[in-house]
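K.L.:
First the structure, then my questions, so here it is.
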Amino acid sequence: MLYTVTDDFVKVAEAQGTIQNSSRVFDIEVSDKPEPNSGIILFGLNKFSFTGTKYIRCIGGNAQVRVVPFATDFSGGGSSVDDFNQQLDSIIGGDHFANDDDMQQAIDDIFNGNSTISDPDIDSELDNIFNP
């Protein structure tokens, strides 16, 4: 569906999908609620996959926004806070390194502020996780 948005929030009809800011000039705000400065800023020509109710508005002008009813970037682009948390839980929760005590300890150290990684294999694995 194609939306033309102004500074006023518009409720997205789709319950899940991908929002694309078609403007080259104006940014849009995507939020769970119709309150200014409560969501994320989607810069021109960028997209955002989502689930749940969303509201969109243009910041400082008028913009066309396309919404399609399917996700295009849940696997790597940060689609929503819930999706990011699920991915992070999968990594930290042990799905990737359940049998690797060194990696579990390194991850615990990182998030507890005690990181002193000197193992190149662990450093490489972390690079692969956070820089796919």
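Every number in this text was worked out from the coordinates using simple rules, so none of it is lab data. Everything numeric here is computed off the predicted structure, so don't read it as measured data. Positions of Cβ are generated from backbone atoms using ideal geometry, with glycine treated the same way; all protein chains shown enter the neighbour counts.
K.L.:
How much length would be gained if the chain were fully extended between Lys33 and Asn62, taking 0.36 nm per residue of separation minus their Cα-Cα distance, in nm to one decimal? Don't skip to the answer; put the middle values down first.
P.N.:
Details: separation 29, 0.36 × 29 = 10.44 nm, distance 1.97 nm.
Computed gain between Lys33 and Asn62 is 8.5 nm.
K.L.:
Then there is this: When a footprinting reagent is the concern and you count Cβ atoms within 10 Å, what order do Ile41, Ile28 take, fewest first? Intermediate values should be presented prior to the final figure.
P.N.:
On the way: Ile41 12, Ile28 27.
Fewest-to-most Cβ neighbours within 10 Å comes out as Ile41, Ile28.
K.L.:
Next up: Classify segment 2-68: rounded, prolate or oblate, from the alpha-carbon gyration tensor (a ≥ b ≥ c, eigenvalue square roots; a/c under 1.5 rounded; otherwise prolate if a/b is larger than b/c)? Write down the numbers at each step before the final one.
P.N.:
Details: a/c = 1.55, a/b = 1.16, b/c = 1.33.
Oblate, since a/c reaches 1.5 and b/c is not below a/b.
K.L.:
Taking the Cα centre as origin and putting +1 on Lys and Arg beta-carbons and -1 on Asp and Glu beta-carbons, what dipole magnitude results for segment 2-68, to the nearest 20 debye? Can you show the working numbers first?
P.N.:
Working: 7 positive and 7 negative charges, 43 e Å.
With Lys and Arg at +1 and Asp and Glu at -1, about 200 debye.
K.L.:
Using the 10 angstrom Cβ neighbour count as an exposure proxy, how do Phe48, Phe43, Phe9 rank, fewest first? It would help to have the intermediate numbers written out before the result.
P.N.:
Values: Phe48 24, Phe43 10, Phe9 21.
Ranked by crowding around the Cβ, least crowded first: Phe43, Phe9, Phe48.
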